[in-house]
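The values are calculated or read from the model by the stated rules, or taken from the named source; none is laboratory data. Being a predicted model, the structure only gives us computed values, none of them experimental. Reconstructed Cβ throughout: ideal geometry from the backbone, glycine too, with neighbour counts over all protein chains shown.
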Amino acid sequence: MKKQKSLQSEKSKTTKKILKKKKVKAEADVLKSDKVKSDVLKLDEAEKSSVLAEEPDNGEERAQDLAVPDQAKLDEGTNLSNRYYEGVGRRKRAVARVRLYTKGEKEFLVNSKEYTQYFRTSELQFLADGALRKMKVGDKFMVVSKVRGGGVSSQAEAVRHGIARALVKFNADFRKRLKRAGYLRRDPRETERKKFGLKKARRAPQWAKR
């Protein structure tokens, strides 16, 4: 019994010593962090005072810096001939990026070719410039389109889709008429995939009894 009591007393003494050491260490850490914070605050105040000493307090100059630049000055620095409205059109696997330029020669280029040369048939040409004819603005823009993927028919519809989207960016009032014509909606119809064991999507091989 005496041995157990002595062991318990020794354990309690050691735990007390450990707790005391931890407490002292924690207090030292707190003091250290407070000292670091005070040093940081002193440094920040010194930096602020140095910055204020370098930059004179001139209210007019700061107001000029914060003021919005004049639109005429912005126009002088930019080349207005490069101003354009962009739209991306899609149909099946075809994707067309279309840009409508407000200045320049009034051309309609598809992949660096005149659209009448790229789309050889009148039906494809009718599809490609459908949005421009609908809004009667064919002679007001230079149209530059880059198209890839799909066939020529889907490419023509993708170009039309891109032109319609760009026209809405040019003038939001065009949206109602173009939407009614169906030019702003991507046509979701696509060819159904071929299945194994069949000739096409649903066409089965011909059956012969004998």
For the stretch 127-175, how many residues meet the condition of being out of contact with any helix residue (DSSP H, G or I) (no Cβ under 9 Å at 6 or more places or on another chain), free of Cβ contacts under 8 Å to residues at least 12 places away in the same chain and basic (K, R)? 1
If you take the residues in the stretch 161-170 that are of a type in the set (A, V, I, L, M, F, W, C) and either in contact with a Gly (Cβ under 9 Å, 6 or more places away or on another chain) or surrounded by 20 or more Cβ atoms within 10 Å (Cβ to Cβ) (or both), which one is nearest to Q125 (Cα to Cα)? I163
Checked the stretch 87-127 for anything in contact with a strand residue (DSSP E or B) (Cβ under 9 Å, 6 or more places away or on another chain) and among the hydrophobic types (A, V, I, L, M, F, W, C); matches are V88, A94, V95, A96, V98, L100, F108, L109, V110, F119
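For residues in the stretch 156-210 being acidic (D, E) and in a helix (DSSP H, G or I), which is farthest from Q117 (Cα to Cα)? Reasoning before the result, please.
If we filter the stretch 156-210 for residues that are acidic (D, E), which is where we start, we get 157, 173, 187, 190, 192.
Filter once more, keeping what is in a helix (DSSP H, G or I): 157, 173.
Numbers: E157: 16, D173: 32 Å.
The selected residue is D173.
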Among all residue pairs at least 6 apart or on different chains, which show Cβ distances below 6 Å where the first residue, located in the stretch 83-106, is of a type in the set (S, T, N, Q) and the second is surrounded by fewer than 19 Cβ atoms within 10 Å (Cβ to Cβ)? T102/R83
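So, in the stretch 126-146, exactly how many residues are among the aromatic types (F, W, Y) and either under 17 Å from A172 (Cα atoms) or in a loop (DSSP other than H, G, I, E, B) (or both)?
1
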Only one of (1) more than 20 Å from L100 (Cβ to Cβ); (2) surrounded by fewer than 19 Cβ atoms within 10 Å (Cβ to Cβ) is not met by D173, so which one is it? (1)
Does at least one position in the stretch 107-126 carry a residue that is buried (at least 19 other Cβ atoms within 10 Å of the Cβ), closer than 25 Å to R180 by Cα and in contact with a Lys or Arg (Cβ under 8 Å, 6 or more places away or on another chain)? no
(1) farther than 27 Å from R193 by Cα; (2) modelled with pLDDT of 95 or more; (3) of a type in the set (A, V, I, L, M): which one isn't true of M135, the others all being true? (2)
Which one is farthest from the chain's Cα centre (by Cα) among residues in the stretch 185-203 that are at pLDDT below 95 and surrounded by 12 or more Cβ atoms within 10 Å (Cβ to Cβ)? D187
